[in-house]
1. Looking only at the range 150-176, count every residue that is on the phi < 0 side of the Ramachandran plot and assigned to a loop (DSSP other than H, G, I, E, B) and tell me the total.
2. Pairs under 8 Å by beta carbon, first residue in a loop (DSSP other than H, G, I, E, B) in the range 272-287, partner aliphatic (A, V, I, L, M), six or more apart or different chains?
3. Given the conditions (1) over 13 Å from the mean Cα position of the chain (by Cα); (2) under 18 Å from ALA98 (Cβ atoms), report the number of the one that GLY66 does not fulfil.
4. Quick one: GLN26 ticks every box in (1) crowded, with 21+ Cβ neighbours inside 10 Å; (2) at pLDDT 95 or above bar one, so which box is it?
5. Hey, does the range 203-211 have a residue that's in contact with a strand residue (DSSP E or B) (Cβ under 8 Å, 6 or more places away or on another chain), surrounded by fewer than 20 Cβ atoms within 10 Å (Cβ to Cβ) and part of a helix (DSSP H, G or I)?
6. Just checking, which of GLY34, GLY75 is touching a residue at least 40 places away in the same chain (Cβ under 8 Å), out of contact with any strand residue (DSSP E or B) (no Cβ under 7 Å at 6 or more places or on another chain) and either of a type in the set (A, V, I, L, M, F, W, C) or within 19 Å of PRO177 (Cα to Cα) (or both)?
7. For the condition surrounded by 17 or more Cβ atoms within 10 Å (Cβ to Cβ), under 15 Å from the mean Cα position of the chain (by Cα) and more than 30 Å from ASN249 (Cα to Cα), what is the one hit in ILE215, ILE180, ILE169?
8. Take the conditions more than 20 Å from SER226 (Cβ to Cβ) and among the aliphatic types (A, V, I, L, M) and apply them to VAL5. Does it pass?
Amino acid sequence: MSDVVLSVKDLTVDYGRHTPVRAVRQVSFDLARGEVLGIAGESGCGKSTLAYAITRLLRPPARLTGGSVTFTGPGEDPVDVLGLAGDALRAFRWRRIAMVFQSAMNSLNPVVTVRKQLADVFAAHEPDLPRKAVEERCEELLDLVGIDRARLSAYPHELSGGMRQRVTIAMALALRPDVIVMDEPTTALDVVVQRDILDEIDRLRELFGFAVVFITHDLSLLLEISDRLAVMYAGRFVETGTSREILDNPHHPYTQGLLRSFPSLRGDREALRGIPGTPPDLARLTGGCPFAPRCPHAFEPCSTEPALLDGVACHFVDERVTA
Ligand SMILES: Nc1ncnc2c1ncn2[C@@H]1O[C@H](COP(=O)(O)OP(=O)(O)OP(=O)(O)O)[C@@H](O)[C@H]1O
């Protein structure tokens with residue numbers, strides 16, 4: 001049995017047709033069953049676009065223009081996710097891959113009770129489930145995410161931000177998916193609530209064994225919760241490795257800069273230094289390394305874009321390795 005539940009190869013997404021902006025450029029990764037893959041990068045680097053592409057939630061003007069996404073359930077044949085349509089696609093979402101978005105308020109309907117929002121997932125995907133069984137499943141889901149069952153009758157605005165995010169996690173868990181894609185799920189929450197939710201996600205993952213693609217700009221948070229990490233810049237993965245490798249020995253100058261930009265949740269206190277400059281405008285990429293204008297090590301070879309070799313896309317690193 002393959003240990004890989006999701007395999008993404010050379011995925012490419014453009015916005016617009018005439019002068020397209022390439023927001024995701026040839027991204028590839030394998031996600032093992034039960035593993036947490038963290039994807040880090042600054043605002044606008046294409047993280048959300050990648051998440052939407054994997055879950056088939058892209059909307060125009062975004063277009064998938066290349067690559068493949070393959071899902072393999074335990075003991076099952078691989079499924080070409082990009083080829084799914086209609087009922088097959090609807091059945092696939094939630095049941096196999098679920099998504100948790102940054103803003104719980106945007107994914108919850110403000111005029112519908114928690115009970116009805118959870119029950120709607122079952123109505124759509126398990127329409128034969130009797131009412132009583134649905135009620136029990138909704139209660140169990142709230143138990144799982146640590147919310148009192150009495151809150152089933154609440155409307156989203158009656159819950160705190162942390163509770164609302166727990167409800168969206170409960171919804172994602174409803175059909176016991178194999179993969180949950182989480183896009184900045186804790187960014188809008190204060191640090192203490194953020195910590196509680198991360199612990200909760202970890203506990204639920206231990207319990208159910210789903211794999212997680214966890215997306216955030218906060219690299220230090222990802223280092224804590226991820227087995228493996230991918231650092232994204234200008235639509236591409238520029239460094240990949242285990243969290244340990246990246247924490248102990250970051251190679252790419254951008255990864256090094258990101259690590260200095262966030263306070264470590266553990267370890268020594270160090271002065272924070274941001275990365276000078278701003279991320280590139282994806283509509284104006286020149287063909288060279290997109291990080292070169294901000295890079296302290298930029299030199300002549302950076303006028304061409306480096307390939308991702310042995311987990312890092314950087315001419316300066318390549319030169320040191322081969323020197
Ligand atoms: N609706 C749109 N139309 C045109 N271009 C878009 C659109 N949405 C995003 N883009 C382009 O795609 C790029 C990637 O956006 P995306 O939202 O995926 O980045 P992100 O890393 O998730 O950022 P954030 O953390 O701010 O959400 C943007 O920099 C922008 O150039």
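1. Quick first cut of the range 150-176, residues on the phi < 0 side of the Ramachandran plot only: 150-175.
Of the ones still in play, those that are also assigned to a loop (DSSP other than H, G, I, E, B) are 154-155, 159-160, 174-175.
Residues meeting the conditions: 6.
2. Final answer for the pair search is ILE275/LEU258; PRO279/ALA234; PRO280/ALA234; LEU285/ALA234.
3. Every listed condition holds for GLY66 apart from (2).
4. Single failed check for GLN26: (1).
5. Taking the range 203-211 as the starting set, the residues that turn out to be in contact with a strand residue (DSSP E or B) (Cβ under 8 Å, 6 or more places away or on another chain) are 205, 210-211.
Narrowing further to those that are surrounded by fewer than 20 Cβ atoms within 10 Å (Cβ to Cβ): 205.
Now narrow it down to the ones that are part of a helix (DSSP H, G or I): 205.
Among the residues of the range 203-211, at least one is in contact with a strand residue (DSSP E or B) (Cβ under 8 Å, 6 or more places away or on another chain), surrounded by fewer than 20 Cβ atoms within 10 Å (Cβ to Cβ) and part of a helix (DSSP H, G or I), which makes the answer yes.
6. On the way: GLY34 fails: out of contact with any strand residue (DSSP E or B) (no Cβ under 7 Å at 6 or more places or on another chain).
The conditions single out GLY75.
7. Values: ILE215 fails: more than 30 Å from ASN249 (Cα to Cα); ILE180 fails: more than 30 Å from ASN249 (Cα to Cα).
The match here is ILE169.
8. Details: more than 20 Å from SER226 (Cβ to Cβ): no; among the aliphatic types (A, V, I, L, M): yes.
The answer is no for VAL5.
The values are calculated or read from the model by the stated rules, or taken from the named source; none is laboratory data. For clarity, every value in this text was computed on a predicted model and none was experimentally measured. So basically every Cβ, Gly included, is an ideal-geometry build from the backbone, and we count neighbours across all protein chains shown.
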